[in-house]
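All remarks here apply to the structure that follows.
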Amino acid sequence: MALDLKEIALWPGRPPGKGAISGPEVVGTKGAGSGAVSNVSLPRMRVYRPIKPNGRAVLICGGGGYFRIQLEKESTPAARWLQSRGYTAFELIYRLPNDGWDAAAPFADAQRAMKIIRSRADEFGIRPDAIGILGQSAGGHLAGFTALQPNRKFYDGADRYEAVSARPDFAALLFPVVSLRKPFDSTRTRKEIIGEKPTRSAEEAWSLDTYASKDAPPIILFSSADDPTTPPGHNLALFQALKQAGASVELHIFADGGHGWGLGKPGQTLSQWPELLATWLDTQMTKKK
C-alpha cells in the first residue's frame, strides 16, 4: 500500500536558464522510447510516499541520453521498489537540452529538487541527513554530477529552498555515463551536453571522474559487463578516481544484462541490485548514526 501520487513543481514560474519549447509534453508509445517522456516544459517531481516511511528519501533520475527520460522502463520501477521498502521516492522529470533548453537546465533542476526535498523533509517524515540520489544511464550522469558538484552554480535563486544544500547524502549510479572523453565519445549524452565536436576542456569539465574527491558522498556503482552503451569502463574510471581520492565507493559488475535493465528480469543475477542497494544503504545509515 502507498499514499496517492502527487507532483511538485520545481520552480514558481518560468524555469531559469536559456531556451524554451513549444507544444505539449510527449510520452513515447513505440520501441525503445515507449513510456519515455520528452518536450518537458514543467520540470517537477513525482512523489511516491510509503505508508510507513523509514525516514530516508531518494531522488531518482531516469536515463534517455538527455533527449528523453525513461520513466516506464527505469525510474518508475525503481521509485516503486524503494517506496515498497519504506523510502520516500521522488521521480525527477527534468528539462532536456534536445528539447531546446540550455545544457545546464537538467543540472539546475536536479539541484533544485534536492533542495526542495531537504527543505520539506519534516513534511514527508524524512531525515534531512538521509536524502540520496539515484540515476540510470544519462540520469546517472546527472545524479553523479549533482553528488560530486553540489555547489556548482547553475542558476540564481533566493527563496526559502535556497537556504539548504543540494548535496546528496549518498548516491547510486546504475549503468551511468561517466566519461565524455575518448573512447567513450559515442554516447548521446556527450552530444547533447557538449556537442559533436567539443574541446578537450569541455570533455574534462563534464566527465564525472574529474570531480572525484574525498568529500564525495558515499557512492555505489552498478554495471553490466555486456553493456554496449555504457560499458563498465565508465564505472571503473569513477571507482578508481574516487578510491584514489579517499572517498567511500563500492562497485558491482554483473556478467550480463545489457543496458537499461530497470529492475532486471527473474533469473538474472543483476536483478539482485535493489537488495544490494538496500543492504548498502542500511550500512551507510548505520555509519551515520
Name the trypsin sites (Lys or Arg not before Pro) in the range 1-98 that are in a loop by DSSP and that have at most 13 other C-beta atoms within 10 Å, would you? K18, K30
Quick one: what are the phi-derived ³J(HN,Hα) couplings along the range 203-214, Karplus 6.51/-1.76/1.60 with θ = phi - 60°, whole Hz, x for glycine and proline? 4, 5, 5, 10, 8, 5, 5, 4, 9, 5, 7, 5
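Please sort by residue number the trypsin sites (Lys or Arg not before Pro) in the range 177-244 whose DSSP state is loop and whose Cβ has at most 10 other Cβ atoms within 10 Å.
Values: sites: R181, R188, R190, K191, R200, K214, K243; in loops: R181, K214.
Those satisfying the criteria are K214.
Going by the alpha-carbon gyration tensor, a ≥ b ≥ c the square roots of its eigenvalues, is the range 77-126 rounded (a/c under 1.5) or, if a/c is not under 1.5, prolate (a/b greater than b/c) versus oblate?
oblate
Order T199, T29, most accessible first, counting only protein heavy atoms with a 1.4 angstrom probe. Spell out each step's value before the answer.
On the way: T199 80, T29 115 Å².
So, going from the largest accessible area down, we get T29, T199.
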Please give me, ordered by residue number, the GluC sites (Glu not before Pro) of the range 108-197 that lie in loop per DSSP and have at most 15 other Cβ atoms within 10 Å. E196
Globularity index of the range 163-237, i.e. its alpha-carbon radius of gyration over 2.2 N^0.38 Å: 1.18
Is the range 2-89 best put as rounded, prolate or oblate by its Cα gyration tensor, with a ≥ b ≥ c the root eigenvalues, rounded for a/c under 1.5, and otherwise prolate when a/b is larger than b/c, oblate when not? oblate
Apply the Kirkwood formula to the range 99-186: the hydrodynamic radius equals the inverse of the mean of 1/r over all pairs of different alpha-carbon atoms; give it in Å with one decimal. 13.8
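So how strong a dipole does the chain carry about its Cα centre when Lys and Arg Cβ are +1 and Asp and Glu Cβ are -1, to the nearest 20 debye? Walk me through the numbers before you get to the answer.
Details: 36 positive and 29 negative charges, 81 e Å.
That gives a dipole near 380 debye.
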Relative contact order as a percentage, the chain, C-alpha pairs under 8 Å and 6+ apart, gives 15
Work from the charge dipole of the chain (Cβ charges, +1 for Lys and Arg, -1 for Asp and Glu, about the Cα centre) and give the residue of A278, F239, V37 farthest towards its positive end. A278
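Using a 10 Å cut-off on Cβ atoms, rank the peptides 173-179, 203-209, 244-250 from the highest mean neighbour count down.
On the way: 173-179: 28.6, 203-209: 20.4, 244-250: 15.9.
Highest mean packing first, the order is 173-179, 203-209, 244-250.
Share of Cα-Cα pairs in the range 41-168 beyond 24 Å, in percent? Could the numbers behind the result be given before it?
Working: 1692 of 8128 pairs.
Every Cα pair in the range 41-168 considered, those over 24 Å come to 21 percent.
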Could you give the alpha-carbon Rg of the range 119-260 over 2.2 N^0.38 Å, rounded to two decimals? 1.08
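Please state the relative contact order of the range 187-241 as a whole percent: Cα pairs under 8 Å, 6+ residues apart? Could you put the intermediate results ahead of the total?
Numbers: 24 pairs, mean separation 17.9, N = 55.
Computed over the range 187-241, the figure is 33 percent.
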Which whole-percent values make up P(r) of the range 133-175 when all C-alpha to C-alpha distances are grouped in 10 Å steps starting at zero? 29, 47, 23, 2
What does the convex hull of the Cα atoms come to per residue for the chain, in Å³? 131
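With a 1.4 Å probe and every protein chain left in place, work out the accessible area per residue of the chain in Å², rounded to a whole number.
Working: 12090 Å² over 289 residues.
Dividing the accessible area of the chain by its residue count gives 42 Å².
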Descending Cα extents along the principal axes, the range 188-280, whole Å: 44, 31, 16
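Please report the relative contact order for the range 131-264, taking Cα pairs under 8 Å with a sequence separation of at least 6, and give it as a percent rounded to a whole number. Could you put the intermediate results ahead of the total?
On the way: 251 pairs, mean separation 34.5, N = 134.
Rounded, it is 26 percent for the range 131-264.
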Beyond 22 Å between alpha-carbons counts as too far, so tell me which of K6/K73; K30/K73; K30/K182; K6/K115; K73/K153 fall in that bin. K30/K182; K73/K153
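So, with a 1.4 angstrom probe, what is the percent of accessible area on the chain that is carbon and sulfur? Show your work: numbers first, answer last.
Values: 6110 of 12090 Å².
The computed percentage sits at 51.
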For V249, net neighbour charge (Lys/Arg +1, Asp/Glu -1) across residues whose Cβ lies under 15 Å away: -1
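The values are calculated or read from the model by the stated rules, or taken from the named source; none is laboratory data. On a predicted model such as this, the values are computed, not experimentally measured, just so you know. Here the Cβ is made from the backbone with ideal geometry for all residues, glycine too, and neighbour counts use every protein chain on show. SASA here: full protein model, heavy atoms, side chains in, ligands and nucleic acids out. Shrake-Rupley method; radii C 1.70, N 1.55, O 1.52, S 1.80 Å.
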